[in-house]
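K.L.:
Starting off with a structure, shown below.
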Amino acid sequence: MTGPNQTSGPSGPPVIGSSSAGPIQTSGPSGPPVIGPVLLSAEALTKRFGATLALDALDLQIAAGEFFALLGGSGSGKSTLLRIIAGFEAPDAGRLLLDGRDISATPPWARPVNMMFQSYALFPHLTVADNVAYGLRRAGVAAAERAKRVGDALAMVGLEGFDRRRPHQLSGGQKQRVALARSLVMRPRLLLLDEPLGALDAGLRERTGFELRALQRATGAAFVMVTHDQEEALALADRVALLDGGRIAQLGAPRAIYEKPASRFVARFLGAANVLEGRAAEGRFESAEAGITFAGDIPPGTVAVALRPERIAILPAPADGPNRVRGTVEDVAFRGDDSLLLIRTEAGAVLRVAHAEEDGAPPARGAVVGLGWEPGDVVALPA
Amino acid sequence: MKARALLLAPAWAWLLLFVAAPAAILAAIALAEPDSGLPPFRLALSGAGFAPLVEDSYYLDALLVALRVAAITAGLCLALAYPMAIGIARAAPGRRVLLLAALMLPFWTGFLLRVGAWIGLLRDEGWINGLLRGAGLIEAPLAMLYTEGAMLAGMVHAYLPFAVLPLFAALLRLDPTLEEAAADLGARPATVFLTVTLPATLPAALAAFLLVFIPAAGEFVIPDLMGPPEAQMVGRVLWQEFFQNRDWPVAAALALCLLGLLILPIRLFQRLEAR
């Protein structure tokens, strides 16, 4: 167990200055250089449920005003972390600092943090307006001020005129907006969102995603979103932490994580890349399962390489040598602006290959094709 | 259609035999004239059974006392049942079974046995007085038995599980994130209960209240064995009219009035439920 005074571990982001005051910089080359001063700081947070280690000495800093995504599968610890930040669970060890103040023992009703629940958790016996006014009433805001702020919050989420409705009279998207208004009306500096788009149908998700970002910019609050959907995390967040087994597998700007996955787990979780195992030797990487020799920037100790489907080209004529392979088209899935091809190499591994529409019709099922890519497209994975 | 009728037949037969028929007989006796023979009435359309109810305030008082005691019993049961039901509903599943079993355990002993146990505890030479006197805290025994307090203790003890179970079921169904959302928005635990838990479980609370109130209003045994002698609850008056005065028409008329009075809150509850 690390002591409470240690700041970020090896998986945390580089931090300039002390853990509570310095600005956070992103680790990736393509993210904005500085996000902002630290708002929330988790230090060596540990939580056990029986024999399960939900959080394993996790370090994390959230900057003021950033949109942060906690990404991970079920059991990764992302929801536990969110519930600890909200105050519904107490960590077994470690500290949670808000503006440098230890809030680990502060009950949820006294934390200046609000949460939007996955189920929305609207009070069924209250009208929309009373739901939104609930927190203001608890804070003792006077009636006139309260009515104004409720009206503003409902206008902000586009629900003017819904004041008198009850939750059961609303659609899923409208409920989500009420839940959002109910938390935002409290003007939190940190808003927690548990799978905010999870219960919406596909058409509404994209639009709501953009609206969430606009609301985040308009309010200036830091948004911390939990999601299991990598597309959602990459699309919405300024920074993404991918969690695995209660630890941060990788943290960085979406583009940095997508382009430079730090491990096989990250590359596989993001789902976009082909991940091939093998052995590095003399600046090259031999993958026996695929029968491919990769050339590129391959440091010693590389255990796998990632290769994105859109970087693989179908060659006019099959060729041999490094970064080249032959295979048979097993299946073709049309996706709109491109087609996804499953191509089995002669050694037996299946590669996912994206074939852009502008390059003409994709090869048919059963066709034998040659594949090739540039050395710069090969991402070496050290773990 | 035939199969459905066949399936419903036992239910209809039950209602006819044990609800409709006794009610009809009761109504017939209430309208009959008292007689000294056996049975102690003569079928007629006399109204002799109802006349004393209007003329003598004794009967109305007995009804009012019963309603008051039943309301207090139900209110006390509800106040005790909420914390118990919350505790049971929030316990880990394995513990929950144990707690529910502990709640139902007294029901495995006979009802009269439990009343007897209370009498043993409360009477002048009982356990509590013995303990207090042995400790030198009191000299003369406290008069606990045959008071309204003793009667209420016995009634609450007897009917408490009927209040806990519906509340427990409702609390188990209650979405726990509702209470978390309230806390997240700044509500302290007591406020969470008053503004979220209580409104969300109000139908169950009403059901729990009625489940205690209705049988408590007609209760005869506990008031008779533990209550103050002057407390004439309607159950006791019914007993006296039937078995001591042998005035069956008056007793039947009184029973019908009680039935009518108890149907009223049930109808009210159904109206609220439908809303």
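The values are calculated or read from the model by the stated rules, or taken from the named source; none is laboratory data. The shown structure was predicted, so the numbers you read here are calculated from the model rather than taken from an experiment. Neighbour counts run over all protein chains shown; Cβ positions are idealised from the backbone, glycine included. Heads up: the accessible areas ignore ligands, DNA and RNA and are worked out on the full protein's heavy atoms, side chains in. Shrake-Rupley method; radii C 1.70, N 1.55, O 1.52, S 1.80 Å.
K.L.:
So, of the residues in the range A:162-177 that are of a type outside the set (A, V, I, L, M, F, W, C) and open to solvent by less than 50 Å² (accessible area, probe 1.4 Å), which turns out to be nearest to A:Arg207 (Cα to Cα)?
P.N.:
Among those residues, the one meeting the criterion is A:Gly173.
K.L.:
Moving on to the next point. Would you be able to tell me the number of residues in the range A:316-339 that are hydrophobic (A, V, I, L, M, F, W, C) and modelled with pLDDT under 90? Walk me through how you get there before you give the answer.
P.N.:
Filtering the range A:316-339 for residues hydrophobic (A, V, I, L, M, F, W, C) gives A:317, A:319, A:325, A:329, A:332-334.
After this cut, where a residue has to be modelled with pLDDT under 90 as well, the list is A:317, A:319.
Final tally of qualifying residues: 2.
K.L.:
Name every residue in the range B:197-251 that is free of Cβ contacts under 8 Å to residues at least 60 places away in the same chain, of a type in the set (Asp, Glu) and in contact with a helix residue (DSSP H, G or I) (Cβ under 7 Å, 6 or more places away or on another chain), in order of residue number.
P.N.:
Correct list: B:Asp224, B:Glu241.
K.L.:
Which of the residues spanning the range A:132-146 are assigned to a helix (DSSP H, G or I) and within 9 Å of chain B (Cβ to nearest Cβ)? I'd like the intermediate steps shown before the answer.
P.N.:
Looking only at the range A:132-146, we keep the residues that are assigned to a helix (DSSP H, G or I), and these are A:132-138, A:143-146.
If the condition is that a residue be assigned to a helix (DSSP H, G or I) and within 9 Å of chain B (Cβ to nearest Cβ), then A:Tyr134, A:Gly135, A:Leu136, A:Arg137, A:Arg138 are the ones that fit.
Residue-by-condition table, conditions (1) outside any loop (DSSP other than H, G, I, E, B); (2) open to solvent by less than 20 Å² (accessible area, probe 1.4 Å); (3) at pLDDT 95 or above:
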position	(1), (2), (3)
B:Ala143	no, no, no
B:Val164	yes, yes, yes
B:Leu167	yes, yes, yes
B:Ala182	yes, yes, yes
B:Leu194	yes, no, yes
B:Leu211	yes, no, no
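K.L.:
What's the number of the only condition in (1) open to solvent by 20 Å² or more (accessible area, probe 1.4 Å); (2) within 30 Å of A:Ile248 (Cβ to Cβ) that A:Ile84 fails to meet?
P.N.:
(1)
K.L.:
So how many residues does the range A:41-88 have that are under 17 Å from A:Asn114 (Cβ atoms) and assigned to a strand (DSSP E or B)? Spell out the reasoning first.
P.N.:
Let us first name the residues in the range A:41-88 that are under 17 Å from A:Asn114 (Cβ atoms), namely A:62, A:64-68, A:70, A:79, A:81-88.
Filter once more, keeping what is assigned to a strand (DSSP E or B): A:62, A:67-68, A:70.
Count: 4.
K.L.:
While we're on this one: What is the one condition in (1) assigned to a loop (DSSP other than H, G, I, E, B); (2) closer than 21 Å to B:Asp184 by Cα; (3) open to solvent by 70 Å² or more (accessible area, probe 1.4 Å) that A:Leu122 does not satisfy?
P.N.:
Going through the list (1) assigned to a loop (DSSP other than H, G, I, E, B); (2) closer than 21 Å to B:Asp184 by Cα; (3) open to solvent by 70 Å² or more (accessible area, probe 1.4 Å), A:Leu122 breaks only (3).
K.L.:
Look at A:Phe223 and say whether it is of a type in the set (Phe, Trp, Tyr), in the same structural domain as A:Asn114 (by TED's automatic domain parsing) and without any contact (Cβ under 8 Å) to a residue 60 or more places away in the chain. Talk me through it step by step, then tell me what you get.
P.N.:
Working: of a type in the set (Phe, Trp, Tyr): yes; in the same structural domain as A:Asn114 (by TED's automatic domain parsing): yes; without any contact (Cβ under 8 Å) to a residue 60 or more places away in the chain: no.
Judged against the criteria, A:Phe223 is not a match.
K.L.:
Next question, about the same structure. Determine the pairs where a residue that is open to solvent by 60 Å² or more (accessible area, probe 1.4 Å), located within the range A:183-212, has a partner that is of a type in the set (Phe, Trp, Tyr) and assigned to a loop (DSSP other than H, G, I, E, B) with Cβ atoms under 9 Å apart, the partner being 6 or more residues away or on another chain.
P.N.:
Partner pairs satisfying both residue conditions: A:Ala199/A:Tyr120.
K.L.:
Could you list, in sequence order, all residues of the range A:132-161 that are touching a Leu at 6+ places or on another chain (Cβ under 8 Å), open to solvent by less than 40 Å² (accessible area, probe 1.4 Å) and closer than 21 Å to A:Glu211 by Cα?
P.N.:
A:Val132, A:Arg149, A:Val150, A:Ala153, A:Val157
K.L.:
So in the range A:286-319, with the set limited to residues that are in contact with a strand residue (DSSP E or B) (Cβ under 8 Å, 6 or more places away or on another chain) and charged (D, E, K, R), which one is surrounded by the fewest Cβ atoms within 10 Å (Cβ to Cβ)?
P.N.:
A:Asp297
K.L.:
Also, I was wondering about something else. Quick one: B:Gly227 ticks every box in (1) loosely packed, with under 15 Cβ neighbours inside 10 Å; (2) within 16 Å of B:Ala158 (Cβ to Cβ); (3) not aromatic (Phe, Trp, Tyr) except a single one, so which number is it?
P.N.:
B:Gly227 satisfies every listed condition except (1).
K.L.:
Can you tell me which residues in the range A:149-184 are in a loop (DSSP other than H, G, I, E, B) and within 14 Å of chain B (Cβ to nearest Cβ)? Explain how you work it out, then say what you get.
P.N.:
Let us first name the residues in the range A:149-184 that are in a loop (DSSP other than H, G, I, E, B), namely A:157-166, A:170-171.
Answer for the range A:149-184, where residues must be in a loop (DSSP other than H, G, I, E, B) and within 14 Å of chain B (Cβ to nearest Cβ): just A:Arg166.
K.L.:
Return the residues of the range A:81-102 that are within 14 Å of another protein chain (Cβ to nearest Cβ) and in contact (Cβ under 8 Å) with a residue 12 or more places away in the chain; say none if nothing qualifies.
P.N.:
Hits for the range A:81-102 are A:Leu82, A:Ile84, A:Ile85, A:Ala86, A:Gly87, A:Phe88, A:Glu89, A:Ala90.
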